[in-house]
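Worksheet for the structure shown next.
The values are calculated or read from the model by the stated rules, or taken from the named source; none is laboratory data. Just so it is clear, the structure is predicted and the values come from calculations on it, not from any experiment. Note that we place each Cβ from the backbone using ideal geometry, even for glycine, and neighbour counts take in every protein chain shown.
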Amino acid sequence: MTGNSFGQAFRITTAGESHGPANVVIIDGVPPGIPLTVEDLLVDLNRRRPGQSHIVTQRDESDTPEILSGVFEGRTTGTSLAILIRNQDQRSKDYGNIQHVYRPGHADYSFDAKYGFRDYRGGGRSSARETTVRVAAGVVAKKILEQEFDGRVVGYVTQVGEIKARIDDPASITLSQVETLPSGEPNIIRCPDLAAASQMIELIEQIRKEGDSIGGAAEIVATNIPAGLGEPVFDKIKADLAKALFSLPAVLGVEYGIGFGCVTMRGSEHNDHFIPSTQPRRDGHNGITTDTNRHGGMLGGITTGLPIILRAAVKPTSSLPLEQPTVTDQGEPTTIRTKGRHDPCLLPRFIPMAEAMVAIVLADHWLRWRGQNSGRADM
């Protein structure tokens, strides 16, 4: 009964709190020989870290990782890989006034209900600060996918408030489109539709000035993923991907493929028709694909070889400087204004977190598939 571990063949275990000394992840199941350095980890950690632009929280954390074990001479050893990221800019005093007051939208009450007391500094264990080490683990998972079959995972913002991006071909979106504008400047909202991106930034700036926050949606696409990963019942890959995304703070909804669009469709409209593919299968037979991808790259809980397309709904930041009604831990009515530094919109920093969790699931299922099918002639 831990609740701090995720995965089977590729398994991560995290520890740490928002205002503790550090967060740490231990990764078991990492194949030996994968090139890995601190600089590799920093690429995605810098995408996640606070203070990277004016539309995210200004908490000043370098998020520099320390590899404690599992790497020798720049390559993984196959033993447990441990990565630690220290907290450097906590302002615990900002939370002293909420020790006995429940913040709307936060886990304060539910933590008290479960444990009988809580770490009231920030969000404690439920804070998004814990995701630093998940992003680090995601870098390792991405390396496995790339090394084994040139797999890629790319996420981007598709909606902020009422503003929606137009993405005609999700599988064609590249990391450079998400991260960099044509001018070479950073794409701080991480939306590849530049017209929508500009409107999103304006909205976030307006919301921040009002002392409020705004929600939105993200899309995560995995490409070059082989068919056959996943299980047909409890460990369906769609179920594990949903659990992975729901395990991230602030996620209120997950869908894949056509998603909730299926509710108004007939079966004849919804089915993807099988057709021959120019890509040969691993067993040497002619490849098979479908003419559309409403199934989002998964059928029967198992990957089909088409792009895996997921979307996540992310709620507005709950911590607000606006006065809100609430109660104390004794049930007495009061009001609260949350101090501290918080994102007016979580979406820009959510993207690397979501990518990491999707990559972790795919790496886990790849290693499970390889272990179960080691005797197959097409390996």
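Annotations for the structure displayed:
- Taken together, A239, A196, A218 contain a single residue that is within 20 Å of R134 (Cβ to Cβ), at pLDDT 95 or above and either among the basic types (K, R) or part of a helix (DSSP H, G or I) (or both), which is A239.
- Residue within region 38-47 that is β-branched (V, I, T), surrounded by fewer than 19 Cβ atoms within 10 Å (Cβ to Cβ) and either closer than 16 Å to V135 by Cβ or in contact with a strand residue (DSSP E or B) (Cβ under 8 Å, 6 or more places away or on another chain) (or both) present: yes
- Looking only at residues in region 285-328 that are assigned to a loop (DSSP other than H, G, I, E, B) and of a type in the set (G, A, S), the one that is modelled with the lowest pLDDT is S319.
- Of everything in region 288-303 that is among the hydrophobic types (A, V, I, L, M, F, W, C) and over 22 Å from the mean Cα position of the chain (by Cα), the residue that is nearest to A239 (Cα to Cα) is L299.
- Qualifying residues in region 329-351 (those that are assigned to a loop (DSSP other than H, G, I, E, B), in contact (Cβ under 8 Å) with a residue 24 or more places away in the chain and surrounded by fewer than 20 Cβ atoms within 10 Å (Cβ to Cβ)) - the one farthest from the chain's Cα centre (by Cα): Q330
- Filter result for D343 (in contact with a helix residue (DSSP H, G or I) (Cβ under 9 Å, 6 or more places away or on another chain) and farther than 20 Å from T132 by Cα): no
- Just one of the listed residues (I144, I207, I173) is of a type in the set (V, I, T), within 22 Å of the chain's Cα centre (by Cα) and more than 30 Å from A15 (Cβ to Cβ), namely I173.
- Pairs are defined by a Cβ separation below 7 Å, a sequence spacing of at least 6 or placement on different chains, a first member in region 252-277 that is assigned to a strand (DSSP E or B), and a second member that is charged (D, E, K, R); the pairs so defined are L252/K315; E255/R311; Y256/K238; I275/D291.
- Among the conditions (1) part of a loop (DSSP other than H, G, I, E, B); (2) under 30 Å from L229 (Cα atoms), D119 misses just one, which is (2).
- Qualifying positions in region 150-186 - more than 29 Å from S213 (Cβ to Cβ), of a type outside the set (D, E, K, R) and surrounded by 13 or more Cβ atoms within 10 Å (Cβ to Cβ): G151, A171, S172
- Just so you know, in region 158-193 the residues that are assigned to a helix (DSSP H, G or I) and not charged (D, E, K, R) include one that is farthest from N293 (Cα to Cα), and it is S176.
- If you check I12, I67 for being among the hydrophobic types (A, V, I, L, M, F, W, C), crowded, with 20+ Cβ neighbours inside 10 Å and in a strand (DSSP E or B), only one passes: I12.
- Long-range neighbours under 8 Å by Cβ, at least six apart or interchain, first residue free of Cβ contacts under 8 Å to residues at least 60 places away in the same chain and over 20 Å from N87 (Cα atoms) within region 20-31, second surrounded by fewer than 21 Cβ atoms within 10 Å (Cβ to Cβ) and not hydrophobic (A, V, I, L, M, F, W, C): D28/R11; D28/T13; D28/S80
- For region 1-19, the set of residues classified as hydroxyl-bearing (S, T, Y) and either within 18 Å of K142 (Cβ to Cβ) or touching a residue at least 60 places away in the same chain (Cβ under 8 Å) (or both) consists of T14, S18, listed by residue number.
- Of the criteria (1) surrounded by fewer than 19 Cβ atoms within 10 Å (Cβ to Cβ); (2) at pLDDT 95 or above, which one E210 fails: (2)
- The residues of region 81-116 that are at negative phi, at pLDDT 80 or above and part of a loop (DSSP other than H, G, I, E, B), listed by number, are N87, Q88, Q99, H100, Y102, R103, P104, H106, A107.
- Test: residue in region 223-235 that is under 16 Å from the mean Cα position of the chain (by Cα) and crowded, with 21+ Cβ neighbours inside 10 Å: no
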